[in-house]
1. Tell me, Val85, Val61, Val99, Val39 in order of fewest to most beta-carbon neighbours within 10 Å?
2. Quick one: Karplus J couplings for the range 179-193, per residue in order, coefficients 6.51, -1.76, 1.60, θ = phi - 60°, nearest Hz, x for Gly and Pro?
3. Per-residue HN-Hα couplings for the range 127-134, Karplus 6.51 cos²θ - 1.76 cosθ + 1.60 at θ = phi - 60°, whole Hz, x for Gly and Pro?
4. List the residues, sorted by chain then number, that are 5 or more residues from Trp145 or on another chain and whose placed amide H is less than 5 Å from its amide H.
5. From the residues Val75, Gly170, Thr140, which one has its Cα farthest along the dipole of the range 26-205 in the positive direction, the dipole being from +1 and -1 charges on Cβ of Lys/Arg and Asp/Glu about the Cα centre?
6. Mind listing the Cα extents of the range 24-160 along all three principal axes, in Å, largest one first?
7. Net charge near Ser38: determine it from the other residues with C-beta under 13 Å of the C-beta of Ser38, scoring Lys and Arg +1 and Asp and Glu -1.
8. Which order do Tyr110, Tyr152 fall in if you start with the one that has the fewest other Cβ atoms within 10 Å?
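Quick note: the coordinates plus some simple rules give every number you see, no bench work behind them. Keep in mind that this is a model prediction, so the values were computed, not measured. Counting neighbours? That spans all protein chains shown, and the Cβs are built from the backbone with ideal geometry, glycine included.
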Amino acid sequence: MVYGCMLLAACNIVGPGYYFLAGPEKAPARYEIEPTKSVVVFLDARGATMDRMQRRHAAMVAEKLLLEKEVVVKVISSETVDAVVAQERHGKLIGIVDVGTAVGADLVLYVKVDRFTLSTDGTTFSPTSFAKIKLMETATKERLWPKEDPGYYSLAVQQPVKQGDSPATGPARSAAERTLAERLGTAIAELFYEHEVRPIRERLGD
């Protein structure tokens, strides 16, 4: 009987001990970028309610993480993209690869933001962003990732829902939008390196 109790006690210790050693659940990189390639983040929010400051912050967060996690050794500032896109005239858009070539990037991490909002129903505070992502190579003009149809990766960034209205004042609203932009930038970069799984970010599909 004593032996059985000792065994049970040991079992009670093994479980938590194993979790401590194993750590949180990890999500693998969706695609491994060749680290010697230079990358520019082209965050395209045309048609979405995301202003230049929010776009810049999201792109900067992604750029910083790509460098910190050693995904690549060279990132070209997304500010250079703004200068190129500003040259578009009469609704004629400059191609993704052409933008990358213009700024001297080997790869373009293209992010089309379809939605960026603090409330999905107009009343509940539920910051959400939807984006389509793909990685293009300028030299070959080919899509490196994803290879499968529909040709982009769908990403949703959703913060925990809070009861009550969205922030009404300018400073409070700006702070909430900045937080959402930071989460979006983080989620974009995380597609390219192993990271801890968090429930606030969900994948919609390839």
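1. If I rank by nearby Cβ atoms, fewest first, I get Val85, Val61, Val99, Val39.
2. 5, 5, 4, 5, 5, 5, x, 5, 4, 5, 5, 4, 5, 10, 7
3. 3J(HN,Hα) across the range 127-134, in whole Hz: x, 9, 9, 10, 8, 10, 10, 8.
4. Residues meeting the amide H criterion: Leu135.
5. Gly170
6. 49, 47, 30
7. -2
8. Final ranking by Cβ density, sparse to dense: Tyr152, Tyr110.
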